[in-house]
Amino acid sequence: MSESLAGKRIIVSAGPTYEDLDPVRFIGNRSSGKMGFAIATAAAQRDANVVLIAGPVPLPTPAAVTRIDVRSAAQMREAVLAALPADLYIGAAAVADYTPRQVSGSKIKKSGETLTLELVRTPDILAEVASHPMRPRLVVGFAAETENVATHARDKLDRKQLDMIAANQVGIAGSGFESDDNALTVYWSDGERALGPASKKQIASELLDLITERLRR
Ligand code: PMT
């Protein structure tokens, strides 16, 4: 029997962000939103008050979840910060790290053989939430890595001042982006736990068990 999260407000980010280049093109990524939506679903089933900040994905809204749809990293940041205060923030979204310096108001026309785009860094939403005056009691990030998963994940845990980070290897079949299944290793300052491989539904539930254990301390 899962422990109740009644009375807890939880913000979950999910899906990709799309960074527009012009009215017809954007820079995006492969996130389907399935992992974040599974977490939001599992948290609502435990009676948490869940706000789901969703990038552009066609998934149905989980029952009893407040969903806010956004498109870009800037919009996601605004929606996440507006949803504070909360007890818990889980950043499962694949937020674009860079966005075009300028968005063209009209369709960019073909001209030369090459086209150079100038991109600028997006704000790091997770790090901003973790250092915010209304910092949630627990801030949990995700790390999508193709190699040296543990090293990169622990670096993000420290650098972004997180309580936990859930790392998944991406770029392999049957796990990470788009798939219905995943495998995570969750790291915190003095421990780690492997979850899965299993369905994202099962992993979401096990991740919430770990988080609930921490919230109780
Ligand atoms: O959506 P699915 O298809 O189900 O796939 C799930 C997933 C692979 C997207 C998910 O499990 C996952 O790993 N999400 C995080 C992907 C990611 O962007 O990782 P990252 O290592 O680039 O970012 C690290 C953390 O910083 C993430 O919590 C991210 O939300 C956050 N971040 C990153 C950049 C930014 N500008 N703002 C952020 O908040």
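The values are calculated or read from the model by the stated rules, or taken from the named source; none is laboratory data. Note that this is a predicted model, so its numbers are computed, not measured. No Cβ is skipped: glycine too gets one built from the backbone with ideal geometry, and neighbour counts run over all protein chains shown. All accessible areas refer to the heavy atoms of the entire protein, side chains included, with ligands and DNA or RNA removed. Shrake-Rupley method; radii C 1.70, N 1.55, O 1.52, S 1.80 Å.
Work from the charge dipole of the chain (Cβ charges, +1 for Lys and Arg, -1 for Asp and Glu, about the Cα centre) and give the residue of V149, S189, L162 farthest towards its positive end.
Farthest along the dipole direction, towards plus: L162.
In nanometres, what is the gap between the two model label sites at R193 and L81, each 7 Å from Cα along Cα-to-Cβ?
Here the modelled spin labels are 3.3 nm apart.
Need the C-alpha centroid separation for the range 170-210 versus the range 78-98, integer Å.
Comparing the Cα centres of the range 170-210 and the range 78-98, I get a distance of 19 Å.
If one takes the longest principal axis of the Cα atoms in the chain, at what angle in degrees, from 0 to 90 and to the nearest 10, does the Cα axis of helix 34-45 lie?
Orientation of helix 34-45: about 40 degrees from the principal axis.
Can you list the lysines whose alpha carbon sits under 26 Å from that of K160, skipping same-chain ones fewer than 8 residues off?
Partners within reach: K8, K34, K200.
Under 5 Å between amide H atoms, partner at least 5 residues away or on a different chain: which partners does I53 have, H built in plane at 1.01 Å?
For I53, whose amide H was placed from the backbone, the distant partners under 5 Å are V12, S13, A14, I68.
Hey, what angle do you get for helix 149-159 against the long axis of the chain, alpha-carbon based, 0 to 90 degrees rounded to 10?
90
I want to verify a result. In a Gaussian network model of the chain, Cα cutoff 10 Å, which of these has the top mean-square fluctuation: G196, G141, G55?
Ranking G196, G141, G55 by mean-square fluctuation puts G196 first.
Assigning unit charges at the beta carbon (Lys, Arg +1; Asp, Glu -1) and nothing else, what dipole magnitude in debye, to the nearest 20, does the range 1-82 show about its Cα centre?
For the range 1-82, the charge dipole is close to 160 debye.
Counting only C-alpha contacts under 8 Å and six or more residues apart, can you give the relative contact order of the chain as a whole percent?
So the answer I get is 19 percent.
What's the angle, to the nearest 10 degrees (0 to 90), between helix 73-83's Cα axis and the longest principal axis of the chain?
That works out to roughly 30 degrees.
Considering only I165, I108, I125, give the residue with the highest GNM mean-square fluctuation for the chain, with springs between Cα atoms whenever their separation is below 10 Å.
For the chain, modelled as a Gaussian network with Cα springs under 10 Å, the answer is I108.
Got a sec to turn the phi values of the range 90-103 into Karplus ³J(HN,Hα) couplings, 6.51 cos²θ - 1.76 cosθ + 1.60 with θ = phi - 60°, whole Hz, x for Gly and Pro?
Ordered by residue, 3J(HN,Hα) equals 10, x, 9, 6, 9, 7, 4, 7, 9, 9, x, 4, 10, 9 Hz.
Accessible area per residue of the chain at 1.4 Å probe, in Å²?
52
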